[in-house]
Each structure stands twice: as C-alpha cells, then as structure tokens.
Amino acid sequence: MPDPTGRVYLDHAATTPPDPAVVEAMLPFLTEAWHNPSSIYVEAQAARAAIDRARATVARLIGAHEGEIIFTSGGSESDNLALRGVLAASTRRGRHVITSTVEHHAVLDTVEQLEREGLAEVTRLVPGPDGRVSPEAVEEAVRDDTVLVSLMHANNEVGAITDIAEVSRRLKARNPRAMVHTDAVQSAAHLGVHVDRLGVDLLTLTGHKLYGPRGAGVLYARSGTPLQPQILGGGQEDRRRAGTEDTAAIAGLARAMTLAWERREADVAHERALQQRLIEELPRRIPMLAITGPRDLSHRLPGNVSCCVGFVEGESILLALDLAGVAASSGSACTTGAVEPSHVLVGMGVPEDLARGSLRFTLGRGNTEADVDRLLEVLPPIVQRLRALSPIPVTEPPETWRPWLDG
Ligand SMILES: Cc1ncc(COP(=O)(O)O)c(C=O)c1O
C-alpha cells in the first residue's frame, strides 16, 4: 500500500513499521492486563499467561524449548548477554573468541570491552569482498581454548548471508565444546531461523526489524549453555535477566514473529523482485556507482540494495533524497562530527574514498514498484547535481575502484 503522506520509506533494516495486527495484540496489555506479571492476583495472572504464550510461540517458531527463550529489551542487549554471559561463566574453559570485523557494534564493542577487561582474547576474521565470512576461515582460527564464535547471520549494511550451519559444523568438528552465537536480527524476517538447522547455541532476535515493537528482543540459549546473568535484581526470566517484563512488547514480538513466519514466502518474493530491479538499474543509470555486497542474490538478504557512489558523500545524497521524499540511509557512522566510512565496507576492502559515497536502500512489505520508480527518477539528477558542485574534481575513477565498479 502506498504511504498516504507520499513519502517513500526505504530503510527497513533500520526499523520496520509495526504491523496493525501487532499493535492490536499489544493493546490489551496496555489497557487491561497491564499488571505486574509477577504479582499474585487474577489480572497479573493474565499478564503472566500472555508471556508464557509468547514464549511458547517464539520457541516453536525457532525450533527451541520454552526454557531456552530469554526475553530482553532488544538485539543489543541480547548480543551483550550472549558474549558477556558466556565468557563470564566460562573462565575456566578458556577465553578465546572468534568474531569478524563486520559485526554490528553491539558485538564489536562488547568483545573490545571484554578484551580490555582481560576476559577475552579475540580473533577478528576478515570477510571476503562480498561481506561473507567463510566457514573455512573459522575452522582455521579455532583453538583448543576457543569458547565462543559470534558471527552475524546476515549483515545489516550489505545484506551478506554467512553460512552459519557450515560454520557450526566445522567448528564443532574441531572443538565440540566451543559454542556458536549468531545475531539473526536482520535475517529472521527473511530467512526464517531454526536453531537446530543453524546448529547454534545462542541466537539474537529483535522485534522492531520484523514489524514488531521496539524494546523487545530474545536471546535463545541452548539448554546447558553456561550463561551468567548481566542484569541483576530479580528472578525474572528464570533468574537470567532481571526486570519487570514488558508484557505488551513481548506479546507484540510473538505476534510479529508469527506473521513473519506465515508471510515469509510472499514477503521474500515481493522484496526480491524490487531488489533485483534496483540492483540492475542503479549502475545503469548512474555512472561510477558500485553495488556492494553479494551479487549472487541467494547469498544476499531480500530487499537489501547497498551501493557506493563515486565522487559524492553519501550523507549529502541522503539529505537531498529526504527533500525529494525518500527516506534511506548510508553505511556511515557519524562520529565526532566527522563522517567515518562504514567499518563494514572498509572491512570488506572497499577503498575509503569510494566508501564515503555509501548508500543503503532496504525494501519492505509496504514498498511498491512505484517506490522503485520514484527512487530511479530522483537519484540520478541528485548525484549529477552534487558532482557538479563538488570541490573534488570528478575525473576518471581511480584504479583502486575498478574491481568494485566492474562488480
Ligand atoms: C545486526 C544487528 N544487530 C543488533 C542490532 C541492535 O538491535 P536493537 O536495536 O534491537 O538493540 C541491530 C540494529 O540495528 C542490527 O542490525
């Protein structure tokens, strides 16, 4: 359905609009059964029952047992709990962690802090030029004291899908005691996640990337996984995560996951068609534009279109797109006032000067052919105008850009 405001939203990897059915599922727990689920009276029991139902739903969808589901405040908390919780509980087993340079900062910053605290010794794998981490690289990095491998299922910037099942198979063949954590925040809506098929011990999910609410997440922790709680103060979540539960958010998350699982085939077919068109048309219509991330769409999240535009700052394009009614994002993180090129693109080997022109369009359920037409209509003149204004002379692309521009 087109947006009634006439704006085009192409930033579904940042967050998704809550589905009306999700809002409906949440409302009773804001208006009627808003009571503390740990209390004893009947209203509180209704809230407790809703959390139990949500836990059963989430467990069933991902192939887990109810006791293996820990509700958290979202993806960042689940990533923190997985890494910190396992390492703090495993000091006698070892402290070697394997991760990659292109993880979300919820993982990267946490392992860095654990390293500073002396709790982890970290190997950071470099992905291939398409952003995927190879299972062979994991196998080579495994040691006897490896405690945990943490790799994202799909990358939030370039949509690269890593073969977690194969990572797990190779890891466990070398070191059966080592555990696998995957951040499935971006993949869950599109690929479906099943903990046994992926062979993982820990898995992170969040509600707001699958048309559910913000502030609701899940950490799946396989039964028997050593995990030290990181938020103390109450017995909730089987003593693994203190804090009065947000019943409405948890109910909304379970409803959103159910819908995502039911609609997956239709959503994926729709997003793939729009994605394919943009991936083909953008480099055709804009000179010196490189598509980043896997070209083979079976290795790429449906709906993800990431690219770098030579000789223009991504941020300037985004501001112009916003004025033209299109909401998108770039892979750049604006820190200390200076726009740093994205760690993901740099990690994949994209030259820094090219990475400064990064853009990310992420399509979703509500997008239409007309939205793609609109982007294809407004983006080329924006790039042309910005290049004409650029203080950097627009010349032939440097040799270092060639492999990226040629795909
Ligand atoms: C891959 C990945 N992990 C973790 C997060 C953090 O999730 P949340 O916003 O629920 O804390 C995000 C959100 O951008 C993400 O894309």
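I'd like to verify a number: residues in the stretch 154-189 that are surrounded by fewer than 23 Cβ atoms within 10 Å (Cβ to Cβ), under 18 Å from the mean Cα position of the chain (by Cα) and either in the same structural domain as His343 (by TED's automatic domain parsing) or of a type outside the set (A, V, I, L, M, F, W, C) (or both), how many?
Matching residues across the stretch 154-189 total 1.
Among the residues of the stretch 13-21, is there at least one that is open to solvent by 30 Å² or more (accessible area, probe 1.4 Å), farther than 29 Å from Phe361 by Cβ and free of Cβ contacts under 8 Å to residues at least 12 places away in the same chain?
No: the stretch 13-21 contains no residue that is open to solvent by 30 Å² or more (accessible area, probe 1.4 Å), farther than 29 Å from Phe361 by Cβ and free of Cβ contacts under 8 Å to residues at least 12 places away in the same chain.
Against the definition (in contact with an Asp or Glu (Cβ under 6 Å, 6 or more places away or on another chain), open to solvent by 10 Å² or more (accessible area, probe 1.4 Å) and of a type outside the set (A, V, I, L, M)), how does Arg365 come out, yes or no?
Working: in contact with an Asp or Glu (Cβ under 6 Å, 6 or more places away or on another chain): yes; open to solvent by 10 Å² or more (accessible area, probe 1.4 Å): yes; of a type outside the set (A, V, I, L, M): yes.
Spelling it out, Arg365 is indeed in contact with an Asp or Glu (Cβ under 6 Å, 6 or more places away or on another chain), open to solvent by 10 Å² or more (accessible area, probe 1.4 Å) and of a type outside the set (A, V, I, L, M).
Somewhere in the stretch 270-288, is a residue open to solvent by 10 Å² or more (accessible area, probe 1.4 Å), within 16 Å of the ligand (Cβ to nearest atom) and on the phi < 0 side of the Ramachandran plot?
No, the stretch 270-288 has no match at all.
State which residue is nearest to Arg255 (Cα to Cα) when the search covers only the stretch 30-54 and only residues that are open to solvent by 30 Å² or more (accessible area, probe 1.4 Å) and in contact (Cβ under 8 Å) with a residue 24 or more places away in the chain.
Start the filter on the stretch 30-54 by keeping residues that are open to solvent by 30 Å² or more (accessible area, probe 1.4 Å), which leaves 30-32, 34, 36, 38-43, 45-46, 48-49, 52-53.
Subset that is in contact (Cβ under 8 Å) with a residue 24 or more places away in the chain: 30, 34, 36, 38, 53.
On the way: Leu30: 16, Trp34: 18, Asn36: 21, Ser38: 22, Arg53: 10 Å.
Within the stretch 30-54, the match that is nearest to Arg255 (Cα to Cα) is Arg53.
For the stretch 283-332, which residues satisfy the criterion of being in a helix (DSSP H, G or I) and under 16 Å from the mean Cα position of the chain (by Cα)? Outline the logic, then answer.
Of all residues in the stretch 283-332, those in a helix (DSSP H, G or I) come to 283-285, 297-299, 314-323.
Once the filter is applied, which keeps residues that are in a helix (DSSP H, G or I) and under 16 Å from the mean Cα position of the chain (by Cα), the stretch 283-332 yields only His299.
Answer with yes or no whether Thr146 is crowded, with 20+ Cβ neighbours inside 10 Å, more than 29 Å from Trp404 (Cβ to Cβ) and in the same structural domain as Leu108 (by TED's automatic domain parsing).
Details: crowded, with 20+ Cβ neighbours inside 10 Å: yes; more than 29 Å from Trp404 (Cβ to Cβ): yes; in the same structural domain as Leu108 (by TED's automatic domain parsing): yes.
For Thr146, the condition - crowded, with 20+ Cβ neighbours inside 10 Å, more than 29 Å from Trp404 (Cβ to Cβ) and in the same structural domain as Leu108 (by TED's automatic domain parsing) - is met.
Taking the stretch 51-76 as the search range and keeping residues that are part of a helix (DSSP H, G or I) and among the hydroxyl-bearing types (Ser, Thr, Tyr), which one is nearest to the ligand (Cβ to nearest atom)? Spell out how you get there, then give the answer.
From the stretch 51-76, those part of a helix (DSSP H, G or I) are 51-62, 66-68, 75-76; that's our starting set.
Adding the requirement that they be among the hydroxyl-bearing types (Ser, Thr, Tyr) leaves 57, 76.
Values: Thr57: 19, Ser76: 3 Å.
My answer is Ser76.
Quick one: which strands (runs of 3 or more DSSP E) lie wholly within the stretch 148-240 and hold at least 2 residues that are closer than 22 Å to Arg300 by Cβ and within 14 Å of the ligand (Cβ to nearest atom)? Don't jump to the end; show me each part of the working.
Working: elements: 179-183, 202-206, 217-221.
Output list reads 179-183, 202-206.
Any idea how many residues of the stretch 82-100 are open to solvent by 40 Å² or more (accessible area, probe 1.4 Å) and within 16 Å of the ligand (Cβ to nearest atom)? Break it down into steps so the answer makes sense when it comes.
Step one: list which residues in the stretch 82-100 are open to solvent by 40 Å² or more (accessible area, probe 1.4 Å), which gives 84, 89, 91-93, 95.
Narrowing further to those that are within 16 Å of the ligand (Cβ to nearest atom): 84.
Looking only at that region, the number is 1.
Given (1) farther than 16 Å from Tyr9 by Cβ; (2) of a type outside the set (Val, Ile, Thr); (3) at pLDDT 95 or above, identify the lone condition not met by Phe361.
Single failed check for Phe361: (1).
Here is a list: Asp79, Asp109. Which entry is open to solvent by 10 Å² or more (accessible area, probe 1.4 Å) and within 16 Å of the ligand (Cβ to nearest atom)?
Details: Asp79 fails: open to solvent by 10 Å² or more (accessible area, probe 1.4 Å).
Answer to the check: Asp109.
The values are calculated or read from the model by the stated rules, or taken from the named source; none is laboratory data. What you are looking at is a predicted structure, and each value in this text was computed from that prediction instead of being measured. All Cβ positions, glycine included, derive from the backbone under ideal geometry; neighbour counts span all protein chains shown. Side chains included, ligands, DNA and RNA excluded: accessible areas come from the protein's heavy atoms. Shrake-Rupley method; radii C 1.70, N 1.55, O 1.52, S 1.80 Å.
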